[in-house]
Amino acid sequence: FIEGDMAETEFAAELRELQKGAQAAKKGRWHSYVAPSMGGGKEFQAKVAEIVSGDCIIVRDVDTNEERRVYLSSTKAPKQGRKDEKPEPWAWEAKEFLRKKFIGKKVKVTLDYTREPMGPGGTEPPAAMAALGTMHFCTVIERTLNLAAEVIAKGYAKVAPHRADDDTSEFLDDLIEA
């Protein structure tokens with residue numbers, strides 16, 4: 001089961017549970033696996049301070065008052081566009097949907113995985129992107145609402161494609177159903 005997308009299999013949830021077990025037990029290819037962490041741990045309470053895009057928000061930790069940029073796990077929203085680039089279709093609507101619904105709300109943020117920034121095709125990232133540092137992909141819950149599932153269910157974002165051995169959102173099956 002090296003090739004293909006785990007999300008497309010009939011037993012995706014079971015396969016993900018087995019993968020988590022292998023990671024926890026450090027078995028096979030996971031012998032050197034280190035679970036991701038953010039300064040202050042894997043989970044924290046925060047308030048949504050800013051919506052950067054349909055899949056990226058800035059939250060303020062309620063304990064430390066520190067602002068953190070987090071990306072919604074396993075979610076791919078249209079790009080906002082930069083100085084000389086036009087935004088992709090629906091980029092503004094995705095951002096605005098999250099802003100109207102979640103700005104200022106208290107949320108639970110759980111780190112799922114991290115990635116280092118990359119440019120197109122695995123090249124060096126642009127300087128502005130590299131300056132942001134490690135990207136933290138999180139599940140963000142407001143009461144019982146998963147922000148990623150909400151923006152995907154509205155059609156403003158998609159479930160991000162993952163390789164079989166990638167870390168993913170703990171709620172990937174819910175995101176696929178949304």
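The values are calculated or read from the model by the stated rules, or taken from the named source; none is laboratory data. The structure displayed is predicted, hence computed values, not measured ones. Cβ placement follows ideal geometry from the backbone for every residue including glycine, while neighbour counts extend to all protein chains displayed. Remember, those area values only see protein heavy atoms, side chains included, never the ligands or the DNA or RNA. Shrake-Rupley method; radii C 1.70, N 1.55, O 1.52, S 1.80 Å.
When peptides 143-149, 121-127 are sorted by average Cβ neighbour count within 10 Å, with the highest value leading, the order is 143-149, 121-127. The phi torsions of region 96-105, fed into the Karplus equation with coefficients 6.51, -1.76 and 1.60 and a -60° offset, translate into couplings of 5, 4, 5, 4, 5, 8, 10, 4, x, 7 Hz, rounded to whole numbers, with Gly and Pro shown as x.
When +1 charges are put on Lys and Arg Cβ atoms and -1 charges on Asp and Glu Cβ atoms, the dipole computed for region 86-178 relative to its Cα centre reaches about 620 debye. Loop-located GluC sites (Glu not before Pro) in region 76-111 (DSSP state other than H, G, I, E, B) with a sparse environment of at most 12 neighbouring Cβ atoms within 10 Å: GLU85. Under a 5 Å amide H cut-off, with hydrogens placed 1.01 Å from N, THR75 pairs with ALA160 among residues at least 5 apart or on other chains. Would you mind checking LYS20/LYS76; LYS20/LYS154; LYS47/LYS83; LYS83/LYS158; LYS76/LYS108; LYS47/LYS79 for any pair whose Cα atoms are more than 27 angstrom apart? Pairs exceeding the cut-off: LYS20/LYS154; LYS47/LYS83.
The residues of region 116-170 expose, per residue, 57 Å² of accessible area to a 1.4 Å probe. Under a 5 Å amide H cut-off, with hydrogens placed 1.01 Å from N, VAL107 pairs with ALA46, LYS47, VAL48 among residues at least 5 apart or on other chains.
Counted residue by residue at 0.36 nm each, then reduced by the alpha carbon distance between them, the extension gain from GLU10 to LYS79 reaches 21.7 nm. Counted over all Cα-Cα pairs of region 94-166, pairs farther apart than 16 Å make up 62 percent.
Remark on VAL52: its backbone amide H falls under 5 Å from those of ILE57, ILE58, a criterion applied only to residues 5 or more positions apart or on other chains, H modelled at 1.01 Å from N.
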